[in-house]
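The values are calculated or read from the model by the stated rules, or taken from the named source; none is laboratory data. It should be emphasised that the depicted structure is a prediction, and the values quoted were computed from it without experimental measurement. Virtual Cβ from ideal backbone geometry, glycine too; neighbours counted across all protein chains shown.
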Amino acid sequence: MASSVKPIVLYAFAACSCMSAHMALAQGAAKEAAPVKPAAAPAPVPADYTYIVGGDVWTVTKGVIKGGTVAMCGGKIDKVGGPDLKPPEGSTVVDARGKIVTPGFVATSASLGNAGVAPGGQLRDSLDPYSLSVALAASSGITSVYLSASGAGGGRRGGGGGGGGGRFAPQAADTSFSTNNIVIKMAEGDLKGMVAAESTVTTLNLEAPRGFGGFGGRGGRFGGGAGQGENGNLSVRWTIQDQLRRAKEYLAKSNQYDADKKAGKQATAPTKPTDADVVLPLLKQERLLRVSANTVADIQYALKLANEYGIKMVISPATEAWVIADEIAAARAMLIITTRDRTLPDERRNTGSGANPDGPGILEKAGVSFAVLPPDTSFSIGGELGRDMMTFALEGSYAMRGGADAQAALDSLTITAAKTIGMEGRLGSLEAGKDGDVLILSGDPLDYRTFVEKTFINGKLCYDKDTSTFFKDIHPANEK
Amino acid sequence: MSSGTFLKRSKWVGSILAAVLAAVTTNSAHAAPPDPFANDVTAIRARHIITVNSGIIDNGIVLIRNGKIVSVGADVKIPVGASILVCDTVMPGIVGLSSQIGLSGVPDAPAGFAGPQRGSGPPPTAGVVRQAAANPHYKVSDEIYPFEDVWTKLAREGVTTLALVPPGAGIPGQGAIIKPAGDSAQAMTLAPNGLLAVHFAANTQTMDLIRSTFEGARPQPVDPTDDPLSDFLQDGAPRPGATSNSGAPTAKAAVGAPLAAGVRPPVGAPDPLSGTDTQVRRGQGRGGVRPGGPAGPATGNQQARQEPVLKAFNGTIPTVISCTDNASVAYALPLFAAFDKLDPIYVLTAPDSNRVAALLGEKARSVVLPASIPVEPLTTNRVNVVAEFVKAGAKVACRPQTDDLEGYRTLRFQMGQLVKGGLDPDIAISAITLYPAQMLGISTRVGSVATGRDANLILLDGGPFEPGTRIRKVLIDGKVAYDGE
């Protein structure tokens, strides 16, 4: 007992010195946010630049630059280049020699302990920049997180490690289209800096809580009883299809009307259905539809919608997606999967079912791109080690175990994850113009021994292992 | 400790002492004139007078007449006939800021919701999702029951002023600033103006409700020669058409509601938040003075709703903003900063509220914190949150860790722990007396030992933070509210 107490006490003292750093950070952010920037921003001076030099830069989309440089300015990546890209006098230079520089990881769901959103509320009104989960996320290399108001990520993941069937129980049924979602940055103490984008996707829960008669010994694999659940309900599905159908008809009529008018013909403007606004961007392929579906049947239903209405779709958690990988590829849908899912097969079906550790390889071969999530989307210090967001990058390693190649595994944490939340223009790779979300890692991001050493978010240093309350006293065995 | 045994109140002993004193000083140039009313005078002779606002006076005297302190000092002469109390230390009575002791619970609470029980006053139930409502017209003073045991017991612990804040979510009503002594609610009330309570929560409904209620109180200046406030108070709406003459109102309204994440248009949809009784129709109670809103005379109800909000808006009464988490602070600050005259007091309860110390310290905000050294979540690291706020520049008042009698019983000891943990002792004593009084705008009445103040005093037999110190007497308005002899 006594021996286990000692390091905790040490932790406590370590925390003392770190708090002031947190506060300085918060204060600094507050001060910087205060002045209103004029319309024509002044040209950046060298002091505004941060140069990360000397590391191996894994751009994700454009290969690896040995001894490369990442320059950040105004919260964005300004330049990415080789050793010849030298920092100007006066800029902040961060030495990354012997390290690996990657874009920040993108979490397509997380339980952050945000204040909770009441029905009808906006997520941006309920963020907590002071949540320790935000600090822990940055320490895990996660710089952006997608949150949706309907449960933690609009899926079945309850977060917080709810035991038994609870974790796999679908969230309170949200049976209609919703755009109440947000992408936030893990910028601790900076409320303004946290909000990256709102309503980047539309969500829809198609996850039918079907009874599987005692699979997993938990009285139904998905926590539901026997029979059809609400989201698999025929009337709910009819309503969804009907809403899409009427919006599609309206879109066609409206296009015809525009064409007629252009041609100088007499035409009457079509009446827009009252519920069309939420689905029109989907039909125009301006926005992704993020669907919760799990079984082959539910995924196929989702794909039917995708094909019939030309919707760009992301399916999560898609446990049985590997069974119909080709169908998913044909519909050009993306996935968010949990590579360590242990769902058992359904004995009553003679086709493939349940989770498959080789799923990532099968999906990649079929040409399906996927992002990954751990089995538990919370952040905890004392929880199930390696099962939650604290070891987010390991999910990429598990994808490799399942047959995916290293690039797909890296993509699943970065650029593909960014694509599945409609943020690939700003997140997921090291390219000039993208957000200044950059990691300095002690090694290969897919190696279990790798530490996140520094995390930059919006161009600012948000996590430094050397001063972290939680990690500064943990050192790898071979560290000099 | 032994000084307590010197404490006397026998009138004739006092008279003799005074007579001797008078005899000794008759020849002096500063001799006290004979006072025919000296029988009404109480004199406290103390080894240390903790005045709070002007340091510690050693071997001094506090003179009290008609419930007020008439003089304080080392060379004050005790008039003939005065009652004399002797003690080691005298300090101002404790000013408790934000308490629900003696209140019945959450107004319009749904059935089954466990609010604080009358008389015992447990802390507000954290984590219970409550629907926000705006009822600025509700008054705590309407339900104060003067014969509650708890008042006497509070007085016994040295609490002589208490700012009662109604529980709830959103804007539950007006609080009351009371003394725990008196035979009627009116007699107990110290400041009739009271305060406006806001229970903040970082969610859209609560913030829209609070913003629109305060926006509704924003006067629309229509004509520089006209007093927009009286206009507002009379008919609840500016004269129709008048606003169109000036671009100012629109501009002012536009800067009214910036939030951290951007300006949101005013809510248009009917509001699902208020219950039947608490329902406030748009354009009336909640947004009463929008140009183009319904004109015509306001009903009594509307006026009752608008008046306290207007007072809070103008800083006439303080606005007590309770935040149970740091996120609420992050959202509340920019929201209330838009109302520049408003006088906000932030009551924080989160154990890790030191994380927002810099935010609140930056503009020397008034902050009320629990007197404790909490453990920072996910660590074993204890943080002197109060000291951190003081260091950051905030003005800090302290309340007990638990809002009940037991909490006030140990408040002085808890303050001692904060001193042990690095808090300046002068600030520690101010944090339970002068600072809360200043925040509430009643520092000319209570919170210090000075001429003209209410004679709300605690007579101690030792230092205020010493665990061995006992309260010998508590005076409220010069009357002995507790006698520990």
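Here is how the numbers come out for the structure above:
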item	result
All positions within the stretch B:378-428 that are outside any loop (DSSP other than H, G, I, E, B), surrounded by fewer than 20 Cβ atoms within 10 Å (Cβ to Cβ) and among the charged types (D, E, K, R)	B:ARG382, B:LYS391, B:GLU406, B:ARG409, B:LYS420, B:ASP426
A:VAL70 in a loop (DSSP other than H, G, I, E, B), surrounded by 15 or more Cβ atoms within 10 Å (Cβ to Cβ), touching a Leu at 6+ places or on another chain (Cβ under 7 Å) and touching a residue at least 12 places away in the same chain (Cβ under 8 Å)	no
B:GLY462 being in contact with an Asp or Glu (Cβ under 6 Å, 6 or more places away or on another chain), outside the structural domain of B:ILE101 (by TED's automatic domain parsing) and not in a strand (DSSP E or B)	yes
Answer from B:GLY361, B:GLY407, B:GLY393 - the residue that is in the same structural domain as B:LEU154 (by TED's automatic domain parsing) and on the phi > 0 side of the Ramachandran plot	B:GLY393
Among the candidates B:THR380, B:THR444, B:THR433, B:THR410, residue that is over 24 Å from B:ALA163 (Cα atoms) and of a type in the set (S, T, N, Q)	B:THR380
Among (1) of a type in the set (A, V, I, L, M); (2) assigned by TED's automatic domain parsing to the domain that holds A:VAL291; (3) buried (at least 24 other Cβ atoms within 10 Å of the Cβ) - the single one A:MET400 does not satisfy	(3)
Residue in the stretch A:134-162 that is nearest to the other protein chains (Cβ to nearest Cβ), counting only those that are closer than 23 Å to A:SER178 by Cβ and at pLDDT 90 or above	A:LEU147
Residue count, the stretch B:333-371 (criterion: away from chain A (no Cβ under 11 Å) and under 19 Å from the mean Cα position of the chain (by Cα))	18
Lone unmet requirement of (1) farther than 19 Å from A:VAL236 by Cα; (2) touching a residue at least 60 places away in the same chain (Cβ under 8 Å) for A:GLY264	(2)
Count - residues of the stretch B:162-216 that are within 16 Å of B:PRO344 (Cα to Cα), surrounded by fewer than 24 Cβ atoms within 10 Å (Cβ to Cβ) and touching an Asp or Glu at 6+ places or on another chain (Cβ under 9 Å)	0
Failed condition for B:LYS341, given (1) touching a residue at least 12 places away in the same chain (Cβ under 8 Å); (2) buried (at least 21 other Cβ atoms within 10 Å of the Cβ); (3) in a loop (DSSP other than H, G, I, E, B)	(2)
